[in-house]
1. So which residue, out of PHE154, PHE116, PHE196, gets the largest mean-square fluctuation from a GNM of the chain using Cα contacts under 10 Å as springs?
2. Length gain on complete extension for the stretch ASN255 to MET96, per 0.36 nm per residue less the alpha carbon to alpha carbon distance?
3. Give me the percent of DSSP beta bridges within the stretch 7-248 that run antiparallel, rounded to the nearest 5.
4. If you take the charge dipole of the chain about its Cα centre, with +1 on Lys and Arg Cβ and -1 on Asp and Glu Cβ, which of SER161, THR55, GLY172 is farthest toward its positive end?
5. On full extension of the chain, what length is gained from ASP47 through THR176, given 0.36 nm per residue of separation minus the C-alpha to C-alpha distance?
6. Would you please give the FRET efficiency between GLU207 and GLN157, computed as 1/(1 + (r/R0)^6) with r the Cβ-Cβ distance and R0 = 25 Å, to the nearest 0.05?
7. Treating the stretch 142-256 as a set of equal point scatterers at the Cα positions, no solvent, please give the Debye-formula log₁₀ I(q)/I(0) at q = 0.11, 0.12, 0.14 Å⁻¹.
8. Largest first, please: the extent of the C-alpha atoms of the stretch 1-54 along each principal axis, to the nearest Å.
Amino acid sequence: MDLNGASALVVGGAGGFGEATVRRLVTAGAKVVIADMAVDKGQKLADELGSDVATFVATDVTSDESVDAAIKAATDLAPLRATVVVHGGPAAGKRMVNRKGEAYSAAIFARTVDVFLTGTFRVTSKAAAAMSQNEPLDSGQRGVVITTASIAGFEGQVGQSDYSAAKGGVIGLTLTAARDLAPSGVRVMCIAPGTFFTPAYGMEEEEAQAKWGPGVPNPKRMGHADEYANLALQIVDNDYLNGTTIRIDAALRFNI
Ligand SMILES: NC(=O)c1ccc[n+]([C@@H]2O[C@H](COP(=O)([O-])OP(=O)(O)OC[C@H]3O[C@@H](n4cnc5c(N)ncnc54)[C@H](O)[C@@H]3O)[C@@H](O)[C@H]2O)c1
């Protein structure tokens, strides 16, 4: 799908994967809305790229009004043809039953699901509604939404009950969304990354690579955010990719 003359929305656009994706979308010719809760980082990225191609909108995926405003900012620029949903959220890292025999909080579980899964649904459905108003391209396509799961959505590790359930939900949403949106000419794809170095790790890359790199089969390192972004743009480009989840994990399978 040609993004020249189109807008694109990256939710979580100030994060590791988000920033790399914003840069690739701008290079592909889109006017990009960077939607994120991180105001300073998001505005700094928009300023660096320039107001002719990038706009920052403070956005919280748990709010309808907030997501509506981000989508409106994109459609005000040009027809919205690509949306990448790649925001972060809470990660508790607690077992379902702790050493004292206490059950993990259902309220915290629900909050994680709300941010990662319901937030993804909110952005996907609202972006698709906007895309359904676009004139179709010669291909008949009106737009594409790319969501972000995790390989933990397939192989959840110890302490990831909320995160793996939310990401499994994002994977499960993909085919239904693609089927629901087929009459609108909107594709939906999901990317399930393995371990990629981003600011989410809260440490220097060298330290993170030393810790997690050796466990990855080949290449024996954490992924680079631009490798995620590259896949996102390949999905935008290829109309025949629809309704499925692509693992990008260098053959990593989480064990316990
Ligand atoms: N980095 C990895 O190894 C990895 C692996 C698998 C899946 N993922 C997934 O990729 C996504 C992005 O991860 P990342 O590594 O780029 O993280 P990151 O922390 O670098 O970026 C996440 C961004 O999302 C924003 N954000 C958080 N809550 C938000 C909300 N409620 N509304 C809007 N924006 C919000 C943050 O401000 C941040 O800028 C996440 O969904 C994560 O679960 C990452």
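The values are calculated or read from the model by the stated rules, or taken from the named source; none is laboratory data. Everything numeric in this text was worked out from a predicted model, so none of it was measured. When we count neighbours, we look across all protein chains shown, and the Cβ atoms used for this are built from the backbone with ideal geometry, even at glycine. We work out accessible area using only protein heavy atoms, side chains counted, and drop any ligands, DNA or RNA first. Shrake-Rupley method; radii C 1.70, N 1.55, O 1.52, S 1.80 Å.
1. Residue with maximal mean-square fluctuation among PHE154, PHE116, PHE196: PHE154.
2. Net length gain for the segment: 55.5 nm.
3. Counting only bridges with both partners in the stretch 7-248, antiparallel ones make up about 5 percent.
4. SER161
5. 42.7 nm
6. Efficiency for this residue pair is about 0.80.
7. -0.39, -0.46, -0.62
8. Result for the stretch 1-54: principal-axis Cα extents of 30, 19, 13 Å.
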